[in-house]
Amino acid sequence: MKQKQLLLFSMLIFFCTGLMAQQNEPVKPYSIVIKGGHIIDPKNNVDAVMDIAVKDGKIALIAKNIDGSQGTQLVNAKGMYITPGLIDLHVHFFWGQDGTGYMNARAGLPADGFTFPAGVTTVVDAGSPGYKSFELYKKQTIDQSQTRVLAMLNIVSEGMDSRNESDIEHMDPKATADMAKKYPEHIVGVKLAHFSGRGPLAHSWIPTDRALEAGRLANIPIMVDFGSATPFLPLDSLFNVKFRPGDMYTHAFGGDPQVGLTTQSGRESIVNVDTKKVKDYAIKAQKRGVIFDVGFGGSSFLFSQGIPAIKSGFYPNSISTDLHTGSMNNAMKNMPNIMSLFMAMGMPFKDVIKASTWNPAQQIKRPELGNLSVGSDADIAIFTLRKGDFGYYARDGKIAGKERLETEMTIRAGRIVYNLNAIAEPNVIPNAPRVRPANGGPRQ
């Protein structure tokens, strides 16, 4: 009996001693210190090797030398690039089983498994929900994700459901705008997609006009993904008559290059494949503030469009994936792959980073995102820029490249959510999440 009491007393002393030692340890001023990485922060014109300190989910300090011992976790980013967390302006994350197309259907993806491994911390769902389905989308996707999920409302009431996308009776500008004004923290635009009219609507601007009306009522931009028309709807009219500065044209390097040349039906392209020059009206539109978004998708990009455009200095305003089950394992893959492809075509590295961070933040009127300013949310991506022989392909061929971006680490709201090569010390494996908070950061 005495031996048991002595053992219990010894264990109690050991526990108390350990607890006191923990309590006596000084609290470190930062949760994470990232050392030795090359920061590219386009908003703040930072292009240098510097350290970053994170505290309370925010960027606390950026300096040439921060004492690594001041962080609870130390990240060794030597030889790597540090950027703001990427913003993917075109995804489809309305996953589910009850709908069709990209609305509550199997073509949609749950966010976190496909964002963090790519260095993406913020996405914009490009029209999967409409005003009738948005609140389900919010409950099912936005509120359940660690990724910051924003959305453009489809002008079609149910969303991108493949049944009503070409039915103008399902396009209600006022109801769409009312829903956008109800959730301004989540809804950043209006989307028109895939409309292909028949009969008297085979050549109609009505869907575009209704999307624009919703955008005006809610004071948000619109994004257009043309379907097809007979005869085709001129892009010059869309860009320079219909669009306001800030409105977006996605799949900018796709379309059918023969429209306007050998056929009068379908969707135009912005590069004349005979002259290999960007059409004058596209250059004019970009200069006046029209946004050209990549939206690579399953087959919405052509080298016959991209290469001449990049060589002439016509760069996309924003690089985006059009991520869904039909594109994720195809030529597109993810943001770093598309960014690398644009570098292989000749777009400068810093411009690629800007088109994946600060530019899209401004396009959706979220200037607090896409940068590493002190006080901003600590959404951070760390990349290795691999050197070697790489290949990139699209539906009209392939090109070679000498560099490829690979995600090493992603930090969302001050927490490491992806860590490829264990570059943190210590490397912490969080407990399995039991509570999923509203879309305000990683799960507790």
Self-check item: Over the chain: helical MRE at 222 nm, DSSP H runs n ≥ 4 each giving -39500 (n - 2.57), nearest 500
Solution: -6000 deg cm²/dmol
Self-check item: Cβ-defined net charge surrounding residue 389, 12 Å radius [Lys, Arg +1; Asp, Glu -1]
Solution: +3
Exercise. Find which of 101, 251, 423 sits farthest along the positive direction of the dipole of the chain, computed with +1 on the beta-carbon of Lys and Arg, -1 on that of Asp and Glu, about the Cα centre.
Key: 423
Quiz item: Helices from the chain with mean Kyte-Doolittle at least -0.5 and a Cα length along the axis of 20 Å or more, per DSSP H: which?
Solution: 2-24
Quiz item: Summing Lys, Arg as +1 and Asp, Glu as -1, what charge do residues with Cβ under 11 Å from the Cβ of residue 68 carry, residue 68 excluded?
Solution: -1
Quiz item: Using 7 Å Cα-to-Cβ label points, what is the residue 167/residue 406 separation (nm, one decimal)?
Solution: 4.9
Practice problem: Might you report the magnitude of the Cβ-based charge dipole of region 309-400 about its Cα centre, with Lys and Arg at +1 and Asp and Glu at -1, to the nearest 20 debye? | Solution: 240
Quiz item: Going down the list 287/311; 35/58; 276/350; 55/139; 284/365; 132/365, which pairs span over 21 Å between their C-alpha atoms?
Solution: 276/350; 55/139; 284/365; 132/365
Quiz prompt | Inter-label distance, nm, simple model (7 Å from Cα along the C-beta direction), residue 395/residue 178 | solution = 3.8
Practice problem: For the chain, give the magnitude of the charge dipole about the Cα centre (Cβ charges: +1 Lys/Arg, -1 Asp/Glu; no others), in debye to the nearest 20. | Solution: 740
Quiz item: Using a simple spin-label model with points 7 Å from Cα along the Cα→Cβ vector, what separation in nm is obtained for residue 45 and residue 217?
Solution: 4.3
Quiz item: Using the Cα gyration tensor of region 183-251, with a ≥ b ≥ c the square roots of its eigenvalues, what is the shape: rounded (a/c below 1.5), prolate (a/b larger than b/c) or oblate (neither)?
Solution: prolate
Self-check item: Descending Cα extents along the principal axes, the chain, whole Å
Solution: 97, 45, 33
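Every read-out reported here was derived from the displayed coordinates using simple, explicitly stated rules and does not represent laboratory data. These figures come from a predicted structure and were not determined experimentally. In this analysis, Cβ positions are derived from the backbone assuming ideal geometry, glycine residues included, and neighbour counts consider all displayed protein chains.
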